[in-house]
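Structure, as structure tokens:
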């Protein structure tokens with residue numbers, strides 16, 4: 001859990017002593033300055049709504065779909081950095097492809113022989129089970145438990161605990177997306193596939209390639225200095241997509257935590273707007289060279305595996321948003 005940033009951060013909030021103590025355990029120390037907004041996390045209409053200073057940031061949607069996801073994800077000015085379709089139809093510029101690409105989510109194409117990425121008959125599911133924690137304050141927290149099922153929910157493959165943290169800092173919105181996978185029902189095999197693991201589908205304005213196959217209005221950059229379509233399959237600490245939305249440049253960066261398996265991760269980052277941090281796609285990302293399952297990873301029964309990512313939603317391009325600096329600050333944050 002994150003520590004409080006400064007005494008001033010805590011004192012300027014009108015919190016009870018108990019709430020103030022809880023905040024100390026949730027906010028990072030490595031980032032100088034103070035948090036800037038009040039985050040509210042609450043259940044509304046069979047989903048969990050997250051607001052920053054009374055304005056929508058995102059919603060956690062966990063019913064009537066094979067996997068939980070966050071949608072929409074809104075920048076500080078209210079612009080959506082995620083695409084609208086298929087959750088909302090009739091939005092100009094939206095391409096109707098890959099209906100399983102919804103907001104921000106996690107899944108994998110091969111879990112112990114089953115597909116938990118695509119939708120439809122014969123596919124597995126990640127099913128929401130419980131809300132373990134829901135908290136408002138300088139940092140909003142939502143912690144949930146899911147079960148990973150084979151098709152028709154005949155077999156439990158694994159369980160997970162996902163912790164989302166939401167806050168605003170220096171004009172940017174931050175969403176931490178941490179997944180703890182537990183091998184509760186035997187070994188869990190992550191196969192070498194390109195589709196997985198934590199993902200986002202960005203607003204069409206952030207796409208490098210447009211729906212007609214031409215140059216899009218978006219741009220992309222990773223920590224290795226590679227740009228646009230060259231990001232696909234590459235290993236990097238972070239990547240950032242940005243573009244013009246409603247006359248304003250906004251972007252969303254994704255950070256891979258140094259403690260993650262096979263850091264820096266490889267990225268299934270498409271120029272049409274799909275971005276996934278996937279440490280398991282070795283065979284595909286090396287041009288289909290070497291053993292077919294070179295990137296396979298087996299989590300033994302009783303073991304667990306932690307994945308940690310940050311989504312940094314910002315104004316301006318990667319340079320203006322100081323993505324290099326923000327990533328370094330992320331790596332220095334301490335847990336209690």
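The values are calculated or read from the model by the stated rules, or taken from the named source; none is laboratory data. Keep in mind that this is a model prediction, so the values were computed, not measured. Cβ coordinates were reconstructed from backbone atoms using ideal geometry, including for glycine residues, and neighbour counts include every protein chain displayed.
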> Looking at 158, 211, 183, which one is touching a residue at least 12 places away in the same chain (Cβ under 8 Å), more than 18 Å from the chain's Cα centre (by Cα) and buried (at least 23 other Cβ atoms within 10 Å of the Cβ)?
Replying inline: 158
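Evaluate the range 98-119: report whether one residue or more is touching a helix residue (DSSP H, G or I) at 6+ places or on another chain (Cβ under 7 Å) and loosely packed, with under 14 Cβ neighbours inside 10 Å.
no
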>> Tell me whether the range 232-253 contains one or more residues that are part of a helix (DSSP H, G or I) and surrounded by fewer than 19 Cβ atoms within 10 Å (Cβ to Cβ).
In response: no
> (1) crowded, with 22+ Cβ neighbours inside 10 Å; (2) under 28 Å from residue 35 (Cα atoms): which one isn't true of residue 169, the others all being true?
Replying inline: (1)
> Which ones in the range 314-336 are exposed (fewer than 14 other Cβ atoms within 10 Å of the Cβ) and not in a helix (DSSP H, G or I)?
Replying inline: 319, 320, 334, 335, 336
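Anything in the range 214-231 that is over 22 Å from the mean Cα position of the chain (by Cα) and in a loop (DSSP other than H, G, I, E, B)? List them, or say none. Can you show your working first?
Of the range 214-231, the ones over 22 Å from the mean Cα position of the chain (by Cα) are 214-217.
Within the range 214-231, 214, 216, 217 meet the criteria.
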>> Any residue that is touching a strand residue (DSSP E or B) at 6+ places or on another chain (Cβ under 6 Å), at pLDDT below 95, buried (at least 20 other Cβ atoms within 10 Å of the Cβ) and under 21 Å from residue 168 (Cα atoms) - is there at least one of those in the range 47-66?
In response: no
> Would you pick out the residues in the range 278-336 that are over 19 Å from residue 196 (Cα atoms), out of contact with any strand residue (DSSP E or B) (no Cβ under 9 Å at 6 or more places or on another chain) and touching a residue at least 60 places away in the same chain (Cβ under 8 Å)?
Replying inline: 329, 332, 333, 334, 335, 336
>> Can you say whether residue 163 is over 30 Å from residue 79 (Cα atoms), modelled with pLDDT of 95 or more and surrounded by fewer than 20 Cβ atoms within 10 Å (Cβ to Cβ), as far as the supplied structure shows?
In response: no
>> Out of the residues in the range 254-274 meeting the condition of being surrounded by 23 or more Cβ atoms within 10 Å (Cβ to Cβ) and under 19 Å from residue 207 (Cβ atoms), tell me which one is modelled with the lowest pLDDT.
In response: 273
>> Among (1) assigned to a strand (DSSP E or B); (2) under 22 Å from residue 108 (Cα atoms), there is one condition residue 193 misses while meeting the rest; what is its number?
In response: (1)
> How many residues does the range 54-83 contain that are in contact (Cβ under 8 Å) with a residue 40 or more places away in the chain and assigned to a loop (DSSP other than H, G, I, E, B)?
Replying inline: 12
